[in-house]
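Enquirer: Sending over a structure as structure tokens; questions will come in a sec.
Readers should treat all values here as calculations from the given coordinates under stated rules, not as data from a laboratory. Everything numeric here is computed off the predicted structure, so don't read it as measured data. Heads up, the Cβs are rebuilt from the backbone with ideal geometry, glycines too, and the neighbour counts pull from every protein chain shown.
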Amino acid sequence: MPREYSFMKVIVVSGGVISGLGKGITTSSLGRLLKARNIAVTIVKIDPYLNVDAGTMNPYQHGEVFVLDDGTEADLDLGNYERFLGQSLNGSHNLTTGKIYRAVIEKERRGDYLGNTVQIIPHVTGEIKRMIRDVAQVSGAEVVLVEVGGTVGDIESMPFLEALRELSYELGEGQMAFVHTTLVPFVGPVGEAKTKPTQHSVRELRAIGIRPNLIMARGAAPLTPDIKAKISLFCDVPPEAVISVPDQHVVYEVPLVLEAQGVGALLTRILKLPDREPEYGAWKEFLATYRREEGSVEVAVVGKYTELHDAYLSHVEAFHHVQGRLGLAVHLQWYDSEDLPRSPAALERLRRSDAILVPGGFGPRGIEGKMLAIEAARREKIPFLGVCYGFQMAAVEFARHELELPEAHSTEIEPHATDPVVCLLEEQQGVDGLGGTMRLGALRVMLQPGSRIAELYGRTEIYERHRHRYEINPKYLERFSEHGLEATGRSVDGRVEVFELDDHPFFMGVQYHPEFLSRPEAPHPLYLALVRAARVRQEVPPSVAPAAASA
Ligand code: GLN
């Protein structure tokens, strides 16, 4: 093993029994425990699917596609890592089977294997280890957490677990810890806790040569000491290493739940790291404010994936961050944009929301509903935030109703629209293929001095993450402005990034995705402003509410 890797310490988080146990939150929380001890840490996610990245996947299958600064379209867990660690990551932190195989096949074609038969072991496993080591080296982290997606026993995850087993052997004693997340279901009339699924999945893990150091038992309720003792005995881990992780009111509680069971001290002992007094500072303040819940606001979210809230995870989290800053409960109400045009009752309910968010999206389904929601927000002066597609649809709605261009549309939907107010980026014309070909990642946006948005950010130059192909057609800008819709943010090369409406308490659209940069300890200014405006709207007595005035 090259000398430069000898410092590396690794914590592997695997999962058993079922998927969807919140391994990402467990991994992020473990990272936070170490960070609280002033240990430099980073996280790598392994996704054992053949897609090279998450960019081409439907949000209904894996939830939201999370965009990193460098433009990588990543699994949503990367978002959890960034939020829990308060660190920005890059594409090397998301390994997929597709990425590994592509690298191996490219090497084979170049002739790098010098005539050898190229095999899963040692070549694919070797590539996996190399990529993990590279992350350790480049990030300079003392500890790299590696979350293995999927469930132990899946064919897909085998090469990854084998690579990690090999790595543990190569790194030697005290350099690596294995954490296994399982489910302890509560069944029957008295809700008896069942340990058998955990026993089976640990056996599966041991069959591939990995012995867990810690077991994270997920379940609806805390484990009793006798259940912990039972898991300990059957799974060959000390009772203090069987950790109970019951469902929490909000995921940001999990690091403290783990801390209370001594996980931080245990991990530092296993990895021979100094166990400093943990420092949670702002994190604890965030939770204390979050729990206050003095008053509440209702924010309507209008999209087409409303049945799976994970499809909008970063938006949901951004509102949690606001709650932790304002001490005000933020309740999200989900509206299916496809239903809205045929449900007057839903539209009526939407009109009574304190604020409306229209997030990003693609394609024609549900756009008329999004425009109905935007029109309601605009005319009835309901605070509104439009993100990416939501911003583009706000421009289309405005053009149709205020500029009197009934045929206005985005060329994404109507390639030959009479009034293409949203059209293809010049650089996108002639682009083939859907993987990694959008305008992606963190880009500089210049805000107009004195504008509302510049005031909210407290500066006139920002970096925000992007993921889109279409943009506002500059031909229509003058007319937008004459009618009160101002472009108050531009990219360095002049593309419209922000719209804000005059004579409205809060109506803002952004081409970029602010949700990706909101953090518990640093809520995003646009989400804060939206919720603050929602609160103000509540306080205005209905008889003098602007809605009544404009009706
Ligand atoms: N479909 C739009 C585009 O490609 C918006 C994308 C998005 O909302 N992320 O430009």
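Enquirer: Using packing as a proxy for protection, rank 111-118, 62-69 so that the peptide with the highest average count of other Cβ atoms within 10 Å comes first.
Expert: The most tightly packed comes first, giving 62-69, 111-118.
Enquirer: Can you return the aspartates and glutamates within cross-link range of Lys129? Criterion is Cα-Cα under 15 Å, with same-chain partners fewer than 8 residues away left out.
Expert: Cross-link targets: Glu4, Asp47, Glu147, Glu162, Glu166, Glu170.
Enquirer: Give me the percent relative contact order of the chain, please, defined on Cα pairs under 8 angstrom at least 6 residues apart. All intermediate terms of the calculation are to be shown ahead of the outcome.
Expert: On the way: 1094 pairs, mean separation 79.8, N = 551.
Value for the chain: 14 percent.
Enquirer: Okay, moving on. Relative contact order of region 8-102: what whole-number percent is it, with Cα pairs under 8 angstrom and at least 6 residues apart? The partial results should precede the final answer.
Expert: Working: 122 pairs, mean separation 29.7, N = 95.
The normalised contact order for region 8-102 reaches 31 percent.
Enquirer: Please get the size of the charge dipole for region 1-61, origin at its Cα centre, with Cβ charges of +1 on Lys and Arg and -1 on Asp and Glu, quoted in debye to the nearest 20.
Expert: Numbers: 7 positive and 3 negative charges, 73 e Å.
About 360 debye.
Enquirer: Could you pull out which residues in region 80-106 have an amide N less than 15 Å from a spot 7 Å beyond the Cα of Val138, following the Cα-Cβ vector?
Expert: 88-96, 99-100, 103
Enquirer: Most exposed first by the Cβ proxy, i.e. fewest other Cβ within 10 Å, how do Tyr81, Tyr49, Tyr169 rank?
Expert: Numbers: Tyr81 28, Tyr49 17, Tyr169 10.
In increasing order of surrounding Cβ atoms, one gets Tyr169, Tyr49, Tyr81.
Enquirer: Give me the percent of DSSP beta bridges within the chain that run antiparallel, rounded to the nearest 5.
Expert: Numbers: 27 of 78 bridges.
If we restrict to bridges inside the chain, about 35 percent are antiparallel.
Enquirer: Pairs Lys9/Lys35; Lys304/Lys475; Lys23/Lys272; Lys23/Lys45; Lys45/Lys228: which are spaced more than 22 Å apart, C-alpha to C-alpha?
Expert: Details: Lys9/Lys35 14 Å; Lys304/Lys475 30 Å; Lys23/Lys272 24 Å; Lys23/Lys45 10 Å; Lys45/Lys228 28 Å.
Violating the 22 Å Cα-Cα cut-off are Lys304/Lys475; Lys23/Lys272; Lys45/Lys228.
Enquirer: Can you tell me what share of the DSSP beta bridges in region 380-531 is antiparallel? A percent to the nearest 5 is fine. Kindly include the intermediate steps, with their values, before the conclusion.
Expert: Details: 23 of 30 bridges.
About 75 percent, rounded to the nearest 5.
Enquirer: Which percent, nearest 5, of DSSP beta bridges in region 1-151 are antiparallel? Working shown, then result.
Expert: Working: 2 of 16 bridges.
Here the share of antiparallel DSSP bridges comes out near 10 percent.
Enquirer: Given a cut-off of under 8 Å on Cα pairs at least six residues apart, what relative contact order in percent is computed for region 248-394?
Expert: On the way: 206 pairs, mean separation 31.6, N = 147.
The normalised contact order for region 248-394 reaches 22 percent.
Enquirer: With just the Cα atoms defining each centre, how far is region 268-320 from region 79-109? Give it in Å.
Expert: About 24 Å separates the Cα centre of region 268-320 from the one of region 79-109.
Enquirer: Mind checking which aspartates and glutamates have their Cα closer than 17 Å to the Cα of Lys230? Skip sequence neighbours fewer than 8 apart in that chain.
Expert: Answer for Lys230, where 17 Å is the Cα cut-off: Glu192, Glu240, listed by chain and number.
Enquirer: Turning to a different aspect of this structure: Within a Cβ distance under 13 Å of Cys235, other residues only, what is the Lys/Arg minus Asp/Glu net charge? Spell out each step's value before the answer.
Expert: Values: positive: Lys196, Arg203, Arg206, Arg211, Lys228, Lys230; negative: Glu204, Asp236.
My count for the surroundings of Cys235 gives +4.
Enquirer: Let me ask another. Would you mind working out the magnitude of the charge dipole of region 361-490 relative to its Cα centre, with +1 at each Lys and Arg C-beta and -1 at each Asp and Glu C-beta, to the nearest 20 Debye? Walk me through the numbers on the way to the answer.
Expert: Numbers: 16 positive and 20 negative charges, 104 e Å.
It comes to approximately 500 debye.
Enquirer: Could you tell me how many degrees, from 0 to 90 and to the nearest 10, lie between the Cα long axis of helix 23-35 and the main elongation axis, the longest principal axis, of the Cα atoms of the chain?
Expert: 80 degrees
Enquirer: Report the one residue of Ile382, Leu403, Gly324 whose Cα lies farthest in the direction of the positive end of the charge dipole of region 324-438 (charges on C-beta: Lys and Arg +1, Asp and Glu -1; origin at the Cα centre).
Expert: Looking along the dipole axis, the top candidate is Gly324.
Enquirer: Counting Lys and Arg as +1 and Asp and Glu as -1, what is the net charge of the other residues whose Cβ lies under 14 Å from the Cβ of Lys23?
Expert: Every neighbour counted, the sum reads -4.
Enquirer: Mind putting a number on the dipole of region 182-314 about its Cα centre? Charges go on the C-beta only, +1 for Lys and Arg and -1 for Asp and Glu, and I need it in Debye to the nearest 20.
Expert: Working: 15 positive and 17 negative charges, 139 e Å.
Computed about the Cα centre, the dipole is about 660 debye.
Enquirer: How do the peptides 197-203, 171-177 rank, highest first, by the average count of neighbouring beta carbon atoms within 10 Å per residue? Mind dumping the intermediate values first?
Expert: Numbers: 197-203: 19.9, 171-177: 16.4.
Ranked from most to least packed, the peptides come out as 197-203, 171-177.
Enquirer: For helix 313-326, report the angle its Cα long axis makes with the longest principal axis of the Cα atoms of the chain; keep it between 0 and 90° and round to the nearest 10°.
Expert: 80 degrees
Enquirer: Tell me whether region 348-486 comes out rounded, prolate or oblate; compute the Cα gyration tensor, take square roots of the eigenvalues as a ≥ b ≥ c, and use a/c under 1.5 as the rounded threshold. Intermediate results must be reported in sequence, preceding the final value.
Expert: Details: a/c = 1.42, a/b = 1.10, b/c = 1.29.
Note, shape of region 348-486 comes out rounded.
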